[in-house]
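Since every read-out is calculated from the coordinates, none of them should be taken as a lab result. Since the model is a prediction, treat every value here as computed from it, not as a measurement. Glycine gets a Cβ as well: all are built from the backbone with ideal geometry, and neighbour counts include every protein chain shown.
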Amino acid sequence: MRLIRAENYKDMSRKAANIISAQIILKPDSVIGLATGASPLGAYEQLVRWYQKGDLDFSGVRTVNLDEYLGLGFQCPQSYRRFMYDHLFSQINTEPSNIHIPSGLATDLEAECRRYDAVLRSLGRIDLQLLGLGCNGHIGFNEPEDEFRKGTHIVHLSDSTRKANSRFFDRMEDVPTGAITMGLFDIVQAERVLMVVSGKEKANALKDAFFGPVTPRIPASILQFHANFTLVADTDALSLL
Ligand code: GLP
């Protein structure tokens, strides 16, 4: 693991955006795994600014998103599909056919999981996977379980995850109870993994995930085995180390 210390959220975001943009410059048809949530937002804003200045070209980039809430589609502001269009895709020149996001609206969810696994297979290995970290150590929506889940699957969201994500919804009751998520196989198969972590509320999860035992009860801990894992974390997130 390569640990890059950042002063604060802004510094973390710029460092992460630099790594992502270097990837795209070096390999314009990169497959980039994308995450949602507050953690990658600053990096997306920076990438959009560089695109607007003419420093970045996304026309050849292929993207795969980690996850989506069950029951939420583009019309819903809290859906991850909408998040990605609002904060990134509507502002850069990614080809729509190169954007891949699992659907939480599929009537046959198991078929949707297999479809998404097939999409991942067809794209080949992810060149750079961007991740945030859940307060209970989840990545994507791979929640703490008794085993590491390999492929795309349906999850029942834990109370702690629903509570943490309720800040994006009007009421707790509106937070979906389920989600579809890429499994850990494709995440750990990625050529390079880049995680951004900011804030004191993530300090415990960060310490447990990367400085404790590798266990499916803390899904992110599997990244300790990854040969090219970069963690960009700010002072608050590193405060327990
Ligand atoms: C959600 C997402 C994760 C994200 C996590 C942390 O549960 N599924 O991909 O990493 O929340 O989100 P935030 O960055 O907002 O703290």
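Sort HIS138, HIS87 so the one with the fewest other Cβ atoms within 10 Å of its own Cβ comes first. List each step's numbers first, then the result.
Values: HIS138 26, HIS87 16.
By the 10 Å Cβ count, ascending, the order reads HIS87, HIS138.
Within the set of other residues whose C-beta is less than 14 Å from the C-beta of ILE180, count the net charge using Lys and Arg as +1 and Asp and Glu as -1. Mind dumping the intermediate values first?
Working: positive: ARG81, ARG114, ARG115, ARG149; negative: ASP67, GLU68, ASP108, GLU110, GLU112, ASP117, GLU143, ASP186.
Counting the neighbours of ILE180, the net charge comes to -4.
The length gained on full extension between ASP159 and LEU3, counted as 0.36 nm times the residue separation minus their Cα-Cα distance, comes to 53.2 nm. Annotation: the residues TYR85, TYR44, sorted from fewest to most other C-beta atoms within 10 Å of their own C-beta, follow the order TYR85, TYR44. Taken as Cα centroids, segment 49-76 and segment 185-233 sit 23 Å apart, rounded to the nearest whole angstrom. Please give the FRET efficiency for GLN78 paired with ALA227, using the beta carbon to beta carbon distance and R0 = 45 Å, rounded to the nearest 0.05. That gives a FRET efficiency of 0.80. With R₀ fixed at 30 Å, the C-beta to C-beta distance from SER239 to ASN18 puts the FRET efficiency at about 0.80. Sorting MET195, MET1 by the number of Cβ atoms found within 10 Å of their own Cβ, with the fewest placed first, yields MET1, MET195. Here the Gaussian network model covers the chain, with springs between Cα atoms less than 10 Å apart; of ALA220, ALA106, ALA203, ALA106 fluctuates the most. Entry note: the chain has Rg to Rh equal to 0.93, where both radii use alpha-carbon atoms and Rh is the Kirkwood radius. Summary value for segment 1-133: 31 percent relative contact order, contacts being C-alpha pairs under 8 angstrom separated by 6+ residues.
For GLU145 and GLN52, what is the calculated FRET efficiency with R₀ set at 35 Å and r taken between the beta-carbons, to the nearest 0.05?
Values: r = 42 Å, r/R0 = 1.19.
Once rounded, the FRET efficiency stands at 0.25.
How large is the dipole of segment 2-234 about the Cα centre if only Lys and Arg carry +1 and Asp and Glu carry -1, each at its Cβ, rounded to the nearest 20 debye?
Values: 26 positive and 28 negative charges, 122 e Å.
Roughly 580 debye for segment 2-234.
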